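The values are calculated or read from the model by the stated rules, or taken from the named source; none is laboratory data. Every value quoted in this text rests on a predicted model; they were computed, and no experiment measured them. Ideal geometry is used to build each Cβ from the backbone, glycine not excepted, and the neighbour counts take in all protein chains shown. In case anyone asks, the SASA skips ligands and DNA or RNA and just uses the protein heavy atoms, side chains included. Shrake-Rupley method; radii C 1.70, N 1.55, O 1.52, S 1.80 Å.
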There are 2 protein chains.
Amino acid sequence: MAPTLNPSAMATGLSGHSDHPETNVLRLRPLGIDTYQEPVIYMSADCPICRSEGWEALTRLQVALGDRVIVATLNVVTGDLLAPDEASLSDAAWRLLGAAPGDDVVVSSMPPLESLSAVRAKVYGHALSAPALTAIVRDVAAGRYAAIELAAFVTACAGDRLDEAETIALTRAMIDVGDRLDWPRAPVVDKHSVGGLPGNRTTMLVVPIVASCGLLMPKTSSRAITSPAGTADAMETVAPVDLSLDAMRRVVEQEGGCIVWGGAVRLSPADDAIIRVERPLDLDSEGQLVASVLSKKAAAGSTHVVIDIPVGPTAKVRSAETARRLGDRLVRVGAAVGLVVDIMPGDGTQPIGRGIGPALEARDVLAVLRNDAEAPADLRARALVLAGRVLELGGRVPEGEGLALARRHLERGGAWRKFVAICEAQGGLREPPRAAYTREIVATRSGRVDAIDNRRLARAAKLAGAPRSPAAGLVLHAPTGRHVSIGQPVFTLHAESPGELAYAALYVEANPDIVAIGADEAQP
Amino acid sequence: MAPTLNPSAMATGLSGHSDHPETNVLRLRPLGIDTYQEPVIYMSADCPICRSEGWEALTRLQVALGDRVIVATLNVVTGDLLAPDEASLSDAAWRLLGAAPGDDVVVSSMPPLESLSAVRAKVYGHALSAPALTAIVRDVAAGRYAAIELAAFVTACAGDRLDEAETIALTRAMIDVGDRLDWPRAPVVDKHSVGGLPGNRTTMLVVPIVASCGLLMPKTSSRAITSPAGTADAMETVAPVDLSLDAMRRVVEQEGGCIVWGGAVRLSPADDAIIRVERPLDLDSEGQLVASVLSKKAAAGSTHVVIDIPVGPTAKVRSAETARRLGDRLVRVGAAVGLVVDIMPGDGTQPIGRGIGPALEARDVLAVLRNDAEAPADLRARALVLAGRVLELGGRVPEGEGLALARRHLERGGAWRKFVAICEAQGGLREPPRAAYTREIVATRSGRVDAIDNRRLARAAKLAGAPRSPAAGLVLHAPTGRHVSIGQPVFTLHAESPGELAYAALYVEANPDIVAIGADEAQP
């Protein structure tokens, strides 16, 4: 059976849009509509292109301006906001296209998204091949996936549904689709903490310690996915993190280290798009986590990476067994893409530091760097251990001598001076903002703090506005093991609006055992 | 460990939105933006409520007008389209709220969507309990799920990921959340074809045959999910299908049968919302299919249901084994919710009838009902067998006598008269529309048609505009087994716009083996 069909030569001459793109031109008029990161194009219901192409609201379209092409969702203007030959864009689409009012854009249908067939096959239980993952990642990075299509992909890969081969292929695809940095000297070290532990802002300490010891540590961090703050969110409250690749390179060449937002340098554009859907869905995937972490390290030009995995019943990783499996996978996938990976499991039973939320976590970091007497000892200790391991893995000192070197550089002010220099190089050091609204949550009985539910504590901080409102979150006053008296503050909620403070307080009222206080034996 | 925390009595008195909803009032101003079925609320970036509540673009909000409440997605107007105390709505949101310009709406935050935790647990491999499914279905029916959340739910249930207990619970939840009809007499019969076979419009024949024989058959049909036409789409080209419950009841009481759109009578509002996401994702779930079919039958008040499962390599059900498993599940879940279900597997190797697309399929139906000599024999035969089985299952005739009775009523014009009467009662019989643009696809060699790829044929019809453009689709001239000569038409594409015709033609050019023609032995 061979190919046997052809459109009849007798058919009237028809031209698809691709043959005559110049006919699909619309003039841009500003409307000023913010749809967050979602590109939307507005066209009049009377637009002749809409009519001849059969486009309706929610059709996905390609919009081109010069050599820039984005994919946008169509909203049809049925009123008189736009003339038939005009179009408008959501704020995100104006930015992505670099468009100005009066510009002419070319609008065309999106070709069928072939890589979605592989996503569907995965949903039905088939494995994803390396070419399929490459095609998916390329389409996702180019913005061709609609939000519901991204949601289907994220859901199909959630939990442990990606095996090792798929994870390696996904990691490679994510590296290949973005920019990749190279550095004049090696080793290039890095560290990463697997999330889920509120307040775990060791990166902002490890980078200045390690850089002050002379190793190259160009750190790209992420914003929060499901937590109240990512490192990029916390760092942004003390210095700009939204640096271009060139600007980042200048900082690293000058200071030996940086702490910037990975999304701004677009080292892993597909990962950024995936995270935008993962965050509101609050879904995690081991394979995507590994690919996300390692692709960013490899793309940043790292050669040696220490990965911190906090383990605790309410941390992201809940058991030593899961940590071991995740650690093994990180090491093996790392090796497959040319990275030396070292795993450090840690205590994840309670938050590190006191603050939870971008600015509040940054304050803890500043206290440690300044060697304040009040600085959180747990955050300091964890950062020193990690920095010590990075110094050893990177060959700066022999095994067993990293911790002492790290401590020396912190205590003698070298790390603080390096942090200030890095912040200045990134655009200027600033004080983290303070919340306009706070509310103390007090103990209603005396006793010892028995347990802290990290997940619900994080939820309270998020309801208070973190990470969107940088000053929002909470400050924990009583860690596990501490004795509190009735009426004594256990934590303080911080918010930038009264509404958010009220939501968070309502949630805490409904969940009074977020911090569990054991009965005081001395009490009646 | 007992509850031990309370918001401090010393905290300043704060009031959440729920205590003072009257402060969150905005006046509606029309903008005329069509976002298909997605409710969107537009508010000014300078709106004091937005600011105090910390809302940003894409926040999901409750919008109330009188006692109607909808959930809408926030788009923030950064330009001057809206004053700070004004809001606007997408066209769908105006409709859902029944709002008019100048109305005051109350806007508030959406409470946390607790049922999403169960969806997440399902994604991670846990089973869904009956209470969890009830909560999910209730939230979905109320429009509380965002599109990406629906996409996660659909993906988590796709393929065979819902077991029998989950399927029964989902079916019950879907029945409970919608309206339910009851009828003055029993039995109430119904039939359903599991989709995937283009042109399978037997319902429009079975209903008038069975009703003309005196059984009660109140049929609610769906629109296309992933196919080029659903029965409701095809029926709509000859009569209104968008009837209220009361209107549907009047038609059935008068004529003994009807063919209306199930979504309009809201018998299964959750299912309608799920289908809006399933369709663009092109994902199917056995459990959701069973729940969707049976919940609509039970809600429509049916007692006896015949289910037609076409089996073929490119039909929705590809093997006899899958058909048997699906059939068993339909029978057992049906019994659990009080339905007598009978399964009829059928030939699904090629399209039934000639037309594919709403109007083209309706034309086939009209030809059969009018006993035209040119009417498609396969569609006629299949409809008669199904109608006969319904007549037997409903107790109208003993086993073995249904087919003869059905044939008599069709041949003597009783079915046609009943169809006309039903259409008139539904609002008036009309002629299906004709496409403005057509294109013949001809054989490039002579030979016998060996195989037809239903899926790709359906895709071509969809690219031509079906089901959105009712006249679009294609007409097949050469069924399997037919001999065609070189240059003879194999099928004709129909479209309402030149752009869509061109897309469909391009697709056919790229897939010349949609209809495979075997080499002619007589040819050199």
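If r is the Cβ-Cβ distance from residue A:282 to residue B:373 and R0 is 56 Å, what FRET efficiency results, to the nearest 0.05?
0.35
Suppose the chain between residue B:56 and residue B:68 were pulled fully straight at 0.36 nm per residue; how much longer would it get relative to their current alpha carbon spacing?
Values: separation 12, 0.36 × 12 = 4.32 nm, distance 2.36 nm.
Stretched out fully, the residue B:56 to residue B:68 stretch lengthens by 2.0 nm.
For a test of the definition: using alpha carbon positions, the gyration tensor, and the 1.5 limit on a/c, classify region B:428-499 as rounded, prolate or oblate.
Since a/c reaches 1.5 and a/b is larger than b/c, the shape of region B:428-499 is classed as prolate.
Calculate the all-directions average of the projected area of chain A's alpha-carbon convex hull, and give it in nm².
Answer in nm², one decimal: 30.0.
Please list, or write none, the aspartates and glutamates whose alpha carbon is within less than 16 Å of the alpha carbon of residue A:316, excluding same-chain residues fewer than 8 places away.
List returned: A:160, A:278, A:282, A:284, A:286, A:308, A:347, A:453.
Could you pull out every Cys in chain A that lacks a partner Cys with its beta carbon under 4.7 Å away?
A:157, A:213, A:258, A:423
Would you work out the charge dipole size for the protein assembly as shown about its Cα centre, treating the Cβ of every Lys and Arg as +1 and the Cβ of every Asp and Glu as -1, and quote it to the nearest 20 debye?
1360
Need one value: the accessible area of residue B:91 in square angstrom, 1.4 angstrom probe, rounded to the nearest 10.
Answer for residue B:91: close to 30 Å² accessible.
Name the residue from A:413, A:427, A:477 whose Cα lies farthest towards the positive end of the charge dipole of region A:394-524, charges +1 on Cβ of Lys and Arg and -1 on Cβ of Asp and Glu.
A:427
Ignoring ligands, DNA and RNA and using a 1.4 Å probe, state the total buried accessible area between A and B in Å², rounded to the nearest 100.
Looking at A and B, the buried total is near 7300 Å².
List the distances, in nm and shortest first, from the label point of residue B:486 to the matching label points in every other copy, placing each point 7 Å from Cα along the Cα-to-Cβ direction.
10.0
In Å², and per residue, what accessible area does region A:52-202 have when probed at 1.4 Å with the other protein chains present?
Here the residues of region A:52-202 average 37 Å² of exposed surface.
First compute the accessible area of chain B with a 1.4 Å probe, then give the percent of it belonging to carbon and sulfur atoms. Can you show the working numbers first?
Working: 9760 of 19460 Å².
Exposed carbon and sulfur together represent 50 percent of the surface.
GluC sites (Glu not before Pro) within region B:34-131: which are DSSP loop residues with at most 15 other Cβ atoms inside 10 Å? Intermediate results must be reported in sequence, preceding the final value.
Numbers: sites: B:53, B:56, B:86, B:114; in loops: B:56, B:114.
Loop-located and lightly packed - B:56, B:114.
For the protein assembly as shown, what are Rg and Dmax over the alpha carbons, in angstrom?
31.7, 106
Residue B:462: accessible area at probe 1.4 Å, nearest 10 Å²?
Approximately 60 Å² of residue B:462 is accessible to the 1.4 Å probe.
Specify the angular offset, from 0 to 90 degrees and rounded to the nearest 10, of the alpha carbon long axis of helix A:286-299 from the longest principal axis of the alpha carbons in chain A.
Between the helix axis and the principal axis of chain A, the angle is about 90 degrees.
Of the listed pairs A:296/B:122; B:219/B:418; B:297/B:462, which have alpha-carbon separations greater than 25 Å here?
Pairs exceeding the cut-off: A:296/B:122; B:297/B:462.
Roughly how far apart, in whole Å, are the Cα centres of region B:236-263 and region B:485-511?
Using only Cα atoms to place each centre, the spacing works out to 35 Å.
Compute the accessible area of each residue in region B:149-170 twice, once for its chain alone and once with every protein chain present, using a 1.4 Å probe on heavy atoms, and list those whose area falls by at least 10 Å².
B:149, B:151, B:152, B:155, B:158, B:159, B:161
Starting from a label point 7 Å past Cα on the Cβ side, list the distances from residue B:45 to the same position in the other copies, nm, shortest first.
2.9
If one computes the Cα centroid of region A:60-89 and of region B:198-229, what distance in Å separates the two points?
40
Considering every pair of different Cα atoms, what Kirkwood radius, in Å, is found for region A:126-191?
Details: mean 1/r = 0.0741 Å⁻¹.
Here the Kirkwood hydrodynamic radius works out to 13.5 Å.
With every protein chain present, what is the per residue accessible area of region B:457-524 (1.4 Å probe, Å²)?
Numbers: 2530 Å² over 68 residues.
Averaged over the residues of region B:457-524, the accessible area is 37 Å².
With a 1.4 Å probe and all protein chains in place, put A:494, A:483 in order of accessible area, largest first.
These residues rank, largest area first, as A:483, A:494.
Give me the extension gain from residue A:482 to residue A:450: residue separation times 0.36 nm, minus the current Cα-Cα distance, reported in nm with one decimal. Please list the in-between numbers first.
Details: separation 32, 0.36 × 32 = 11.52 nm, distance 0.84 nm.
Full extension from residue A:482 to residue A:450 adds 10.7 nm.
Working from Cα positions, state the angle (0 to 90°, nearest 10) between the long axis of helix B:377-393 and the longest principal axis of chain B.
70
On C-alpha positions alone, give me the angle between the axis of helix B:203-212 and the longest principal axis of chain B, in degrees, nearest 10.
80
Counting each DSSP H run of 4 or more residues in the protein assembly as shown as -39500 (n - 2.57), what helix-only mean residue ellipticity at 222 nm follows after dividing by all residues, to the nearest 500 deg cm²/dmol?
-12000 deg cm²/dmol
Ranked by accessible surface with a 1.4 Å probe, highest first, in what order do A:42, B:507 come? Present the calculation step by step, with values, prior to reporting the outcome.
On the way: A:42 0, B:507 40 Å².
Largest accessible area first, the residues go B:507, A:42.
Hey, for residue B:519 with labels 7 Å out along Cα-Cβ, what do the inter-copy distances come to in nm, ordered shortest first?
9.1
Starting from the Cα gyration tensor of region A:309-448, take the square roots of the eigenvalues, sort them a ≥ b ≥ c, and report rounded, prolate or oblate (rounded when a/c is under 1.5, otherwise prolate if a/b is larger than b/c, else oblate).
Oblate.
Under the 0.36 nm per residue contour assumption, what length would be gained going from the current alpha-carbon distance of residue A:250 and residue A:130 to full extension?
Contour length minus the Cα-Cα distance gives 39.7 nm.
Give the peptides B:317-329, B:227-239, B:444-456, B:132-144 in descending order of average Cβ contacts within 10 Å, highest first. Before the final figure, lay out each step's value.
Numbers: B:317-329: 16.5, B:227-239: 26.8, B:444-456: 18.4, B:132-144: 21.6.
The peptides rank, most packed first, as B:227-239, B:132-144, B:444-456, B:317-329.
Could you let me know the centre-to-centre spacing of region A:342-412 and region A:135-190, using Cα atoms, in angstrom?
30
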